[in-house]
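Heads up, the thing below is written out as structure tokens.
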Amino acid sequence: PVAEYNAYRSTALFVSPDGRTVQFEATLVAGGQQTTAALDATPRIRTVVSLAAARSGARADGVAGEAAALYDVSSSSNHDLIHIIPIAILAIAVLLALVLRSVVAPLYLIVSVALSYLAALGVSTILFIDIGGSSGLTFILPFLMFIFLLALGEDYNILVMTRIREEA
């Protein structure tokens, strides 16, 4: 009975008390949990787990862990970035048009900030990936760079344009 008890006790971490839920644990061989390889492997792992669960008749399945959580946050962040950037640019352009009482000037100012954002993103890529040897930029960096460069760049643009108007 001791051997049976120890065998039962060792399964307690993976089988629920009612015996209806089983948890499997696997180690990711794609790299560390925070690497780009681990994040890229997450969708494939989810597909394989879903197929295995469907074939076994399981009612639900899921993939958890640091890589899966980071993948979800990264995907959400990238999705937000695609939607937020155009909205922010449009809102800033409208405000600039109202403040400067011009339609053309805000376009030039937005383009100047967009170019500074792309330049900063390029420099970050060169520094962190090419020189620093990192596997990629963290998912939040492009979003934060955009927000800060847009805010600071347009604030400075408004200051300069207001000063130019005063002098003219």
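Bear in mind that the values in this text are calculations on the coordinates, not laboratory data. A quick note: this is a predicted structure, and the numbers were derived from the prediction, not measured. Note: ideal-geometry Cβ built from the backbone for every residue, glycine included; neighbour counts use all protein chains shown.
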Label-point separation in nm, L95 to T138, each point 7 Å along Cα→Cβ: 2.6
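For S76 and S112, what is the calculated FRET efficiency with R₀ set at 22 Å and r taken between the beta-carbons, to the nearest 0.05?
Details: r = 30 Å, r/R0 = 1.35.
After rounding to 0.05, the efficiency reads 0.15.
Are there DSSP H segments in the chain that both extend 24 Å or more along their axis (alpha-carbon positions) and score a mean Kyte-Doolittle hydropathy of at least -0.5? List them, or say none. If you can, show how the numbers build up before the last one.
Working: long enough: 36-56 (31 Å, 0.43); 66-100 (48 Å, 1.49); 104-125 (32 Å, 1.81); 141-167 (38 Å, 0.89).
TM-like helix candidates: 36-56, 66-100, 104-125, 141-167.
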With no solvent and one point per C-alpha, what does the Debye sum give as log10 I(q)/I(0) for the range 2-56 at q = 0.27 Å⁻¹? -1.03
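When Lys and Arg each count +1 and Asp and Glu each count -1, what net charge do the other residues less than 15 Å away from L95, Cβ to Cβ, add up to? Provide the component values of the computation, followed by the final result.
On the way: positive: R101; negative: E154, D155.
That works out to -1.
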Semi-axes in Å, largest first, for the range 49-133 (Cα gyration tensor, √(5λ)) are 42, 21, 8
Residues meeting the amide H criterion for V15 (H placed from the backbone, H to H distance under 5 Å, 5 or more places apart or on another chain) are Q23
Trypsin sites (Lys or Arg not before Pro) within the range 1-92: DSSP coil, no more than 10 neighbouring Cβ in 10 Å: R20, R59
For the chain: relative contact order, % (alpha-carbon pairs under 8 angstrom, 6 or more apart): 16
What is the distance in Å between the Cα centroid of the range 109-128 and that of the range 51-73? 37
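Let me have the relative contact order for the range 72-167, percent, based on Cα pairs under 8 Å that are six or more residues apart. Mind dumping the intermediate values first?
Working: 45 pairs, mean separation 32.8, N = 96.
That works out to 34 percent.
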Listed candidates (1) 1.17; (2) 1.66; (3) 1.41 - label of the one calculated as Cα Rg over 2.2 N^0.38 Å: (2)
Restricting to Cα pairs under 8 Å and 6 or more apart, the percent relative contact order of the range 28-118 works out to 19
Could you give the nm distance between label points at R44 and L13, where each point is 7 Å from its Cα heading toward the beta carbon? 2.7
